[in-house]
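Derivation of every value follows stated rules applied to the coordinates shown; laboratory data play no part. These numbers come from a predicted model, not from an experiment. We place every Cβ from the backbone using ideal geometry, glycine too, and count neighbours over all the protein chains shown.
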Amino acid sequence: MSVTVRIPTPLRKITNGLDKISASGSSLSEIIKEIEKNFPGFQSRIYDENNQLRSFVNIYINGEDIRFLDGLESNTKSGDEVSIVPAVAGGN
Amino acid sequence: MSYIKYLTCKQCFNQYPIEPLNVCELCFGPLEVNYDYEKISNTVTRNSISNGPLNIWRYQPFLPVSLDNMIDIGTGFTPLIHAKNLGELLGLKNLYIKNDSVNPSYSFKDRPVAITTAKALEFDFKVLACVSTGNLMGSVAAHAAKAKMKSYVFFPTGLEKGKIIGSSVYGPTLISVDGNYDDVNRLCSELADNLKWAFVNVNMRPYYAEGSKTLGFEVAEQLGWKAPDHCVVPAASGELHTKIWKGLIEMKDVGLIEKVNTRMHLAQPEGCSPIVKAFNNQESQIIPVKPDTIAKSLAIGNPASGPFALQTLKTSSGSAVAAPEEEISECIQLLAETEGIFTETAGGVVISSLRKLVKNNKINSDDITIAFITGNGLKTQEVIEHTVKYNQIQPTYKSFEQTINIT
């Protein structure tokens with residue numbers, strides 16, 4: 001069992017067009033590391049030069065913004081759904 | 001003809017073609033429309049605009065669409081009213097209300113949506129969609145009806161009845177989503193990635209956002225081709241604040257107005273004021289909040305254009321104000337009783353913030369000040385229902401005399 005990560009359009013060139021990826025890890029940063037192994041370049045697209053999440057990238061675990069959890073160190077467990085969403089999408 | 005050149009990332013300046021795209025694939029920054037300003041300034045004069053139609057299409061050279069697919073249900077060129085009574089109360093001689101609550105679907109949203117609908121037709125989309133705090137869904141459904149398109153509108157559960165009915169009447173598919181606006185927004189961002197729909201404020205956002213510039217153009221034109229000293233603008237995503245400023249700057253850049261010394265003030269309700277907090281704490285990043293406000297049209301806890309609103313506040317030396325929740329309905333009444341204009345909660349937030357700006361000496365009595373009233377009070381009647389009092393009488397002269405005190 002693993003975590004499902006939904007991939008937004010701007011990252012699909014790196015994930016060979018996949019819009020969903022399964023990955024395992026007990027925290028979000030571990031999940032991202034594992035995706036990076038399979039899809040090199042993934043991490044640098046969502047992290048800035050200080051290895052922090054880029055300011056225009058939002059990540060959600062089961063619909064909750066990770067800024068309301070523990071950021072990149074938020075826990076993940078089997079069956080969780082992770083969404084990566086551009087911050088500029090939406091807004092009214 | 002359109003003077004649009006390409007899309008540019010506002011953060012890393014990478015260029016993209018004119019397509020339904022809103023995010024830079026390198027840095028995730030927002031994309032913005034770029035124009036050939038030289039050509040615009042060679043084409044546009046005060047006269048050419050004055051002779052144009054009495055709606056937003058008079059500013060077409062500054063918009064990202066040609067007139068070929070124009071959808072017109074009467075959007076724009078709304079009244080700019082000298083608010084003498086409210087001004088006198090507040091000590092302002094030159095206070096004006098930009099009453100955008102009289103657009104076809106009763107909010108300023110008709111401006112961006114008219115432009116997005118035209119662009120969606122140009123891109124050959126068959127479906128218009130949006131995520132809405134209430135006003136946008138009415139506008140999207142109305143424009144889709146006129147354009148013979150289907151529409152799907154998503155909104156957070158618990159929205160005011162007037163906004164749901166005010167959208168439903170145009171025949172969209174209404175989808176109430178359990179959660180707050182930010183939850184609905186996340187869902188729609190994911191849907192927009194996979195559906196071939198024109199989500200007006202997601203994949204069509206660069207074009208959509210340009211529509212709000214027309215508020216800046218109109219105010220400058222209506223003031224006799226000059227920029228005001230102050231604008232007081234309500235903020236949800238923060239886009240409107242930034243785009244009114246962009247409109248004023250574009251007018252200066254092509255020589256239609258001489259200068260822009262406008263201070264762009266931003267107003268949010270206390271129960272959802274992430275941009276105000278970030279600005280007043282001098283932070284460059286917005287910290288998202290969980291909204292808890294009666295001003296549902298401004299209840300965006302994770303404002304997409306917050307960082308750019310912060311920049312506009314700084315560049316224009318504006319102030320950011322949070323309106324206390326208890327003042328919102330009081331200020332709706334204040335505007336109605338002094339100026340005869342019935343606004344929704346966002347307007348109450350603007351008037352409360354304006355009052356605070358005057359109190360804090362941010363606005364001088366002679367300054368030309370514009371309060372942007374962006375939505376209609378008939379949509380949020382619930383918030384002032386408790387103040388309604390009326391007399392019940394019998395249809396007799398005696399009953400009238402006994403009940404009504406004529407003084």
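Which cross-chain or sequence-distant (5 or more) residues have an amide H under 5 Å from the amide H of B:Gly318, H modelled 1.01 Å from N in plane?
Hits under the 5 Å cutoff: B:Met264.
At what distance in nm do the modelled label points of B:Glu19 and B:Lys148 sit from each other, each positioned 7 Å from its Cα along Cα→Cβ?
In this crude label model, B:Glu19 to B:Lys148 measures out at 2.9 nm.
Classify the protein assembly as shown as rounded, prolate or oblate, taking a ≥ b ≥ c as the square roots of the eigenvalues of its Cα gyration tensor: rounded when a/c is under 1.5, otherwise prolate if a/b is larger than b/c and oblate if not.
Prolate is the answer for the protein assembly as shown, as a/c is 1.5 or above and a/b outweighs b/c.
In nm, give the distance between the simple-model label positions of A:Lys77 and A:Lys37, each being 7 Å from the Cα along the Cα-to-Cβ direction.
2.3 nm
Can you compute 3J(HN,Hα) from phi for each residue in the stretch A:5-19, using the Karplus curve 6.51 cos²θ - 1.76 cosθ + 1.60 with θ = phi - 60°, rounded to whole Hz and x for Gly and Pro?
My calculation for the stretch A:5-19 gives 10, 8, 9, x, 3, x, 9, 6, 5, 7, 8, 6, x, 5, 9 Hz in order.
About the Cα centre of the stretch A:3-86, how large is the charge dipole given +1 on each Lys and Arg Cβ and -1 on each Asp and Glu Cβ? Please answer in debye to the nearest 20.
Computed about the Cα centre, the dipole is about 360 debye.
Distance in nm between label sites at B:Asn360 and B:Lys314, each 7 Å beyond Cα in the beta-carbon direction?
Calculated label separation equals 1.8 nm.
Tell me the mean residue ellipticity at 222 nm calculated for chain B from its helices only (DSSP H runs of n ≥ 4, each -39500 (n - 2.57), averaged over every residue, nearest 500).
Per the formula, -11000 deg cm²/dmol.
Given R₀ = 51 Å, FRET efficiency for A:Ser26-B:Asp36 by Cβ-Cβ distance, to 0.05?
0.45
Rounded to the nearest 0.05, what FRET efficiency do B:Lys161 and B:Lys126 have when you use their Cβ-Cβ distance and R0 = 51 Å?
The pair B:Lys161/B:Lys126 has a calculated efficiency of 0.95.
Among DSSP beta bridges whose residues both lie in the protein assembly as shown, state the antiparallel percentage, nearest 5. Present the calculation step by step, with values, prior to reporting the outcome.
Values: 26 of 58 bridges.
Antiparallel bridges: around 45 percent, rounded to the nearest 5.
Please give the charge dipole size of the stretch B:263-358, origin at the Cα centre, charges +1 on K and R Cβ atoms and -1 on D and E Cβ atoms. Round to the nearest 20 debye.
Using Cβ point charges on Lys, Arg, Asp and Glu, the stretch B:263-358 gives about 460 debye.
Hey, what angle do you get for helix B:135-146 against the long axis of chain B, alpha-carbon based, 0 to 90 degrees rounded to 10?
It works out to around 60 degrees.
Among B:Tyr397, B:Ser101, B:Leu334, which residue has its Cα positioned farthest towards the positive end of the charge dipole of the protein assembly as shown, with +1 placed on the Cβ of Lys and Arg, -1 on the Cβ of Asp and Glu, and the dipole taken about the Cα centre?
Projecting each Cα onto the dipole axis, the largest value belongs to B:Ser101.
Nearest 10 degrees, 0 to 90: what angle lies between the long axis of helix B:181-194 and the longest principal axis of chain B (Cα atoms)?
30 degrees
Round to a whole angstrom and tell me the spacing of the C-alpha centers of the stretch B:68-143 and the stretch B:27-53.
First find each Cα centre; the distance between them is then 19 Å.
List residues of the stretch A:32-72, by number, whose backbone nitrogen lies under 18 Å from a label position 7 Å along Cα→C-beta of B:Cys12.
Only A:36, A:39-59 fall inside the zone, counting backbone N under 18 Å.
Using a 10 Å cut-off around each Cβ, can you sort B:His241, B:His386, B:His143, B:His82 from fewest to most neighbouring Cβ atoms?
B:His386, B:His82, B:His143, B:His241
Among rounded, prolate and oblate, which fits the stretch A:3-86 when a ≥ b ≥ c are the square roots of the eigenvalues of its C-alpha gyration tensor, a/c under 1.5 means rounded, and a/b larger than b/c means prolate?
Because its axes are fairly even, with a/c under 1.5, the stretch A:3-86 counts as rounded.
Per 0.36 nm of contour for each residue apart, how much would the distance between B:Leu26 and B:Leu89 grow if the chain were fully extended, relative to their Cα-Cα spacing?
Additional length available on full extension: 17.5 nm.
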